[in-house]
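I have placed the structure first, in the form of structure tokens, so that the comments after it can refer back to it.
The values are calculated or read from the model by the stated rules, or taken from the named source; none is laboratory data. Values in this document were obtained by computation on a predicted structure and should not be read as measured data. Ligands, DNA and RNA are stripped out before the accessible areas are found, and what is left, the full protein with its side chains, is counted by its heavy atoms. Shrake-Rupley method; radii C 1.70, N 1.55, O 1.52, S 1.80 Å.
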Amino acid sequence: MPDLSLYRHLDEMAPWNDRLQVLEVTGVIDEAPDVKTFTFRSDAQTWFRYRPGQFVTLELPTADGPLMRTYTLSSSPSRPFSLSVTVKAQPGSVGTRWMFDNLVRGSRIRARGPAGDFSHHNHPASKYLFISAGSGVTPMMSMLRWFNDCAPWTDVAFINCARRPEEIIFRKELELLGGKMPGLSLGFMIEERSSRESWFGHMGRIDAVRLPLLSPDFHEREVFCCGPEPFMRAVRSMLESAGFDMAHYHQESFGAPPVETPPAAVPDQADAAAMAIRFSDSGVEGRCLPGQTVLQAARANGVRISAACEFGLCGTCRVRKVSGEVEMSHNGGILDEEIAEGYILACCSKPLSPLEIEA
Ligand SMILES: Cc1cc2nc3c(=O)[nH]c(=O)nc-3n(C[C@H](O)[C@H](O)[C@H](O)COP(=O)(O)OP(=O)(O)OC[C@H]3O[C@@H](n4cnc5c(N)ncnc54)[C@H](O)[C@@H]3O)c2cc1C
């Protein structure tokens, strides 16, 4: 018997907001080797409001404690009753692998978001060029799904790169969209042939010769790029060498959690340059060594601050500074209004004076 309470109109439901929310898994789909899409609805019957290309941070309740992982929404806000993330488990993955092994229909997890400004809504243009590699396809898919629903005539050239044919995420749906959207031109590129799928398309890596072949008028387009850092670096330098106006280039970095181990705090022999740091909620008085971030100092002093990307993008480690000054070099994970209200991102803030933090 279907759950009749699910049949509601949008105006009978409240929109999702940026507080911590509970998501319920409604489906898990295999997309490609080691790639799955997880679809969610809100357990509070809210509808999802976000910009195509934005991300959420999921709190994964692993046996070793909560792990925060940030994922772009591959779904489109034009279909606001559910949202989805499409995730690739890299070799050695802990968080994503936990999702593969544990999340089934009906599972509930907490999520923060949406956040991020990698969206065509922030850069309206008459023509777009999307360039992605591997799981970097997710923000492009969200934007394309939105175009298909809301502006299907939009001119989009999409170059989607993968290692092998079977690793092209969303290939079938993209080909379907290519048939439905008159302004969409698709160029797939792979690096290696495979015995699993035949391939008659472009091979190799995107370079100065292939780019104009796949998108002859790339100079006139608003470019969005997402993929591994070396891939994005190559695209950037290719565009720069071609004289492209980089004010029209936007990229999203999925980054990799830093592996550095923060130096342990040693209060007794504290370096003269170390700053006093007080964590008011936990009542801990500690030291922040030179070069340490507030997040590293918190960990070294046994104070838990939730964190995910750890490069100032996802906003998970936002904490309120009660007193003191910091130098913060974030990547857009905090709003100017939040900074004015005294918030900082612990992962990318270093003390300039003794500090008191709400944590
Ligand atoms: C804004 C943003 C959006 C993101 N969107 C997506 C998305 O849509 N889909 C998706 O699959 N991931 C996405 N990520 C990356 C995701 O947050 C995780 O960093 C990534 O999935 C690795 O986490 P894990 O738990 O699988 O591996 P971990 O347990 O964190 O790491 C395991 C191993 O993988 C390596 N590793 C960590 N991160 C990466 C990476 N990004 N690429 C390659 N190797 C890595 C580590 O060095 C380590 O050796 C996004 C990240 C950000 C910041």
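For Cys225, enumerate residues with amide H under 5 Å from its amide H, sequence gap 5+ or separate chain, H modeled in the peptide plane.
For Cys225, whose amide H was placed from the backbone, the distant partners under 5 Å are Ile131, His250, Gln251, Glu252.
From largest accessible area down, sort Leu213, Leu144; use a 1.4 Å probe on the protein chains.
Leu213, Leu144
Starting from the Cα gyration tensor of region 120-252, take the square roots of the eigenvalues, sort them a ≥ b ≥ c, and report rounded, prolate or oblate (rounded when a/c is under 1.5, otherwise prolate if a/b is larger than b/c, else oblate).
Oblate is the answer for region 120-252, as a/c is 1.5 or above yet b/c matches or exceeds a/b.
Leaving ligands and nucleic acids out of the surface, order Asp11, Asp155, Asp281, Asp245 by accessible area at 1.4 Å, largest first.
Putting Asp11, Asp155, Asp281, Asp245 in descending order of accessible area: Asp11, Asp281, Asp245, Asp155.
Ignoring ligands and nucleic acids, what accessible area does His219 show with a 1.4 Å probe (Å², nearest 10)?
Its accessible surface works out to 100 Å², give or take rounding.
May I ask you to give the solvent-accessible area per residue for region 120-252, in square angstrom, as obtained with a 1.4 angstrom probe?
46
Using a 1.4 Å probe on the protein heavy atoms, what percent of the accessible area of the chain belongs to carbon and sulfur?
After summing per-atom areas, the C and S share lands at 50 percent.
Averaged per residue, what accessible area in Å² does region 4-115 show with a 1.4 Å probe, protein chains only?
49
For region 242-251, in order, what is each residue's ³J(HN,Hα) by Karplus, 6.51 cos²θ - 1.76 cosθ + 1.60 with θ = phi - 60°, in whole Hz (x at glycine and Pro)?
These are the phi-based 3J(HN,Hα) values: 7, x, 5, 6, 5, 5, 9, 10, 9, 9 Hz.
Round to the nearest 10 and report in Å² the accessible area of His248, as given by a 1.4 Å probe over the protein chains' heavy atoms.
70
Past the 22 Å Cα-Cα mark, which pairs from Lys321/Lys350; Lys36/Lys180; Lys88/Lys350?
Lys36/Lys180; Lys88/Lys350
Taking only protein heavy atoms and a 1.4 Å probe, what accessible area per residue, in Å², does region 267-358 have with all protein chains in place?
48
Please arrange Glu252, Glu310 by accessible surface area, largest first, computed with a 1.4 Å probe and ligands excluded.
Largest to smallest exposure gives the sequence Glu310, Glu252.
Quick one: 3J(HN,Hα) in Hz for region 149-154, Karplus 6.51/-1.76/1.60 with θ = phi - 60°, rounded, Gly and Pro as x.
Karplus-based 3J(HN,Hα) across region 149-154 equals 7, 10, 8, x, 7, 4 Hz.
So what's the projected area for region 267-358, the Cα convex hull averaged over all directions, in nm²?
5.3
Quick check on the chain: helices-only [θ] at 222 nm, where DSSP H runs of length 4 and up contribute -39,500 (n - 2.57) each and the sum goes over total residues. Nearest 500, please.
Dividing the helical sum by the residues of the chain leaves -5000 deg cm²/dmol.
When only Cα pairs under 8 Å and 6 or more residues apart are kept, what is the percent relative contact order across region 1-76?
23
How large is log10 I(q)/I(0) at q = 0.13 Å⁻¹ when the Debye formula is applied to the Cα atoms of the chain, each weighted equally and without solvent?
Taken in order of the listed q values, log10 I(q)/I(0) reads -1.09.
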